[in-house]
Amino acid sequence: MIHLLLYLAALSQLTDGSPTLCTVSGPSVIDFSGKTEFIPDRCAYTLISGSGLELTAIFKERRRKDVSFLDQVILRVSGVNFNLGQSGTVQQDGTTLTLSSIPMTVQGVKLSKDVDGVTAEVSTTNGAASIVFDGTTAQILVTGTPPTQGLCVNSSSSLSSMKVSEFSPSSCGTLVSEPADSQIDCIIMTDRCNLLKEAPFTSCHSLIDPAPYIKACTNMLCKYPVLDGVNCQFLQTYTEACSLKSDHNVTDWRTKTGCSDEVNEDVLCSAHEFVGMDISGDTGCLCRANFAATNKWEDGLGNLTVCSTNGASVSLAGCLLVERGIDYRALHLKDDTCRGQMDEKTHMVTFTFNSSSPCGREILATDQKITYKNAINIDNNASSGTFRSDLLRVNFSCYFNQPTTKSLTFKIKGGKAMSQIESGSWNYTLAMTMCEDMSCTKEFDFSNGIQMDQTIYMSLDTFGLDGSIIVLVVMDAFAIGGKGQKYYLANGGCVNPQEDTVKIGINKNGGSVLAFQMFQFKGENSALKLGFKMKLCLKSNKSCMPQCKGKRRGRSTTSQNEDEENVIMVSVDWN
């Protein structure tokens, strides 16, 4: 009954022509009747609907996931959207407008911008509305015929009925809990908010009730750390509300409350950032809590490594660097001429190395993998009183696994056979081609079949490796008959000296070519199966390359499954 009386009183004020004010700041909505409610999530909600206009508020998190802040206000008039965003930006249906203190009328909306924020004035069906948004707080002043719906009309309205799906991400309604900040003393914060009961704010008490603003202030400061000017946010909000509604200015309140420092709201941030103060007290773009939680890794500065062909890149979040007081321009790879590139929209800083720009990379080889390594460092002279340069070193790497495909059978009757080998952070493709010469300039013509004793050139290539650095070495090559007989063409990287026709060479792509004369096992007429074991080696690592000193292997009657782990099998049918 009390809420209804307050609501009717608010409607009466609107009807009699006197202005009525709605204030939205942080997670709080103080409606026309002076009642305060809090937005618990990160969705968009209707503030006003009716009288020829719609006003929507979008809420997002900042440093904590469980405390929402007013982030944008969208004014819709006659189907045209005006987005009042952070840093004083205003967009009309996606087009950014250039505003000044001199009002500019666009599609019937009078727009201006000054030190107090952006102001949008619009005529309603029978009255007018004025919206002032400074990046943290929206003040909505309405005269004439009252709007019929919205949280400004009744802040305790069902949020589900007020939600604007068009501007609400799918997961925005998920409520998140975080541990309480042990450094927050709610008693001290309550005393802070109660300053609104004292002079010089008392000069405004007869014009606007401070109680809703004290309630909103206490709710925020008992949950959220005193950073980014929030300790002064509702003190300022109250004085602005008083000035808008009654044209009364509260003087000297900043001196008494210690609110001389203000966040510079002119800094333009990306969607996953908000305007705040870094550890040195400077204004910058800091990461929203959800973005920071999903992008911090190792040293807590950015994304995982992205591996591409013969290169790697890692992106650090500019807002995480700002949070730690690090200037991205002082960062570099091991080669200090290789600096990070910042994306102007996302503020992600990307560091890249590849074959053409190695940037001081290191290449390490083991029996399991070949790894490309680099690191992001900071200039020695870039340290400050709050950050030591020798504490920043972000190592990142990509690697190729040694070929480990098991029992992969290609039915080669002509042309190529290809298989992609998964290799951890990097993938590369193995291609096998039968050719008519050692240089493999012409693929084998299978139209007339394969003749016994005909020389076959088997080219084994890799795509996705840098052939100038890494080579694919054939360690073993053998044939298996239908009865399990095994005959080695090469073993340990060396050809069978009993076979004059067998040759192994390195091709121009860093792959290998195996030459041999086609044969059959005695008493068999089935397709011949060839098995290969291969290894990646660095060209510069001589010890990895085969050392051939008279190794011999002849025919074998061992089981077909012996030594077949990590073997790539090729079936050749000459019928």
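The values are calculated or read from the model by the stated rules, or taken from the named source; none is laboratory data. These numbers come from a predicted model, not from an experiment. Every residue, glycine as well, gets a Cβ built from its backbone with ideal geometry; the counts of neighbours run over all protein chains shown. Only protein heavy atoms, including side chains, enter the accessible area calculation; ligands, DNA and RNA are left aside. Shrake-Rupley method; radii C 1.70, N 1.55, O 1.52, S 1.80 Å.
When you count, for each residue, the other Cβ atoms within 10 Å and take the mean per peptide, how do 101-108, 481-488, 309-316, 219-226 rank with the highest first?
309-316, 219-226, 481-488, 101-108
Taking only protein heavy atoms and a 1.4 Å probe, what accessible area per residue, in Å², does segment 129-224 have with all protein chains in place?
So segment 129-224 comes to 47 Å² accessible per residue, rounded to a whole number.
With a 10 Å radius around each residue's Cβ, average the other Cβ atoms per peptide and rank 465-476, 198-209, 325-336, highest first.
Taking the mean over residues of other Cβ atoms within 10 Å, the ranking is 465-476, 325-336, 198-209.
Over 25 Å between Cα atoms, which of K334/K539; K65/K373; K508/K533; K486/K535 qualify?
K65/K373
DSSP loop (so not H, G, I, E, B), at most 14 other Cβ within 10 Å: list which GluC sites (Glu not before Pro) in segment 202-272 pass both filters.
Of the GluC sites (Glu not before Pro), the ones in loops of segment 202-272 whose Cβ has at most 14 other Cβ atoms within 10 Å are E262.
Starting from the 7 Å offset along Cα-to-Cβ, what nm value, one decimal, do you get for the label separation of T294 and D336?
The two pseudo-label positions are separated by 3.8 nm.
Over 10 Å intervals from 0, what percent of Cα-Cα pairs in segment 84-132 sits in each interval?
Percent of Cα pairs in each bin: 26, 58, 16, 0.
In whole percent, and with a 1.4 Å probe on the protein chains, what portion of the accessible area of segment 225-264 is carbon and sulfur?
42
Let me know the charge dipole size of segment 43-118 about its Cα centre in debye, to the nearest 20, where only the beta-carbon of Lys, Arg (+1) and Asp, Glu (-1) is charged.
That gives a dipole near 200 debye.
Can you give me the orientation-averaged projected area of the convex hull built on the Cα atoms of segment 18-109, in nm²?
If I average the Cα hull's projected area over directions, I get 7.3 nm².
For R288, R254, write out the residues from largest to smallest accessible area, computed with a 1.4 angstrom probe and no ligands counted.
The ranking, largest first, comes out as R254, R288.
Under 5 Å between amide hydrogens, which residues at least 5 positions from I456 or on another chain qualify, with H placed 1.01 Å from N in the peptide plane?
For I456, the qualifying residues are F516, Q517, M518.
Can you work out ³J(HN,Hα) from phi for every residue in segment 498-506, in order, using Karplus 6.51 cos²θ - 1.76 cosθ + 1.60 and θ = phi - 60°, giving whole Hz and x for Gly and Pro?
Rounded to whole hertz, the list is 6, 10, 5, 8, 7, 9, 10, x, 9.
For segment 179-217 and segment 344-372, what is the centre-to-centre distance using only Cα atoms, to the nearest Å?
Using only Cα atoms, the two centres lie 53 Å from each other.
How large, in percent, is the carbon and sulfur part of the accessible surface of segment 465-519 at a probe radius of 1.4 Å?
Heavy-atom surface of segment 465-519 belonging to carbon and sulfur, 1.4 Å probe: 46 percent.
Which cross-chain or sequence-distant (5 or more) residues have an amide H under 5 Å from the amide H of E273, H modelled 1.01 Å from N in plane?
R288
Can you pull the one-decimal nm distance between simple spin-label points at S357 and L207, each 7 Å off the Cα toward Cβ?
5.8
Between segment 458-480 and segment 483-501, how many Å separate their Cα centres?
17
Once fully extended, how much extra length lies between F38 and Q183, figured as 0.36 nm per residue of separation less the alpha-carbon to alpha-carbon distance?
Full extension from F38 to Q183 adds 49.9 nm.
Return the sequence-ordered ³J(HN,Hα) values of segment 534-542 in whole Hz as given by the Karplus equation 6.51 cos²θ - 1.76 cosθ + 1.60 applied to θ = phi - 60°, using x for Gly and Pro.
Computed from phi, the couplings for segment 534-542 are 10, 8, 8, 10, 6, 4, 6, 9, 5 Hz.
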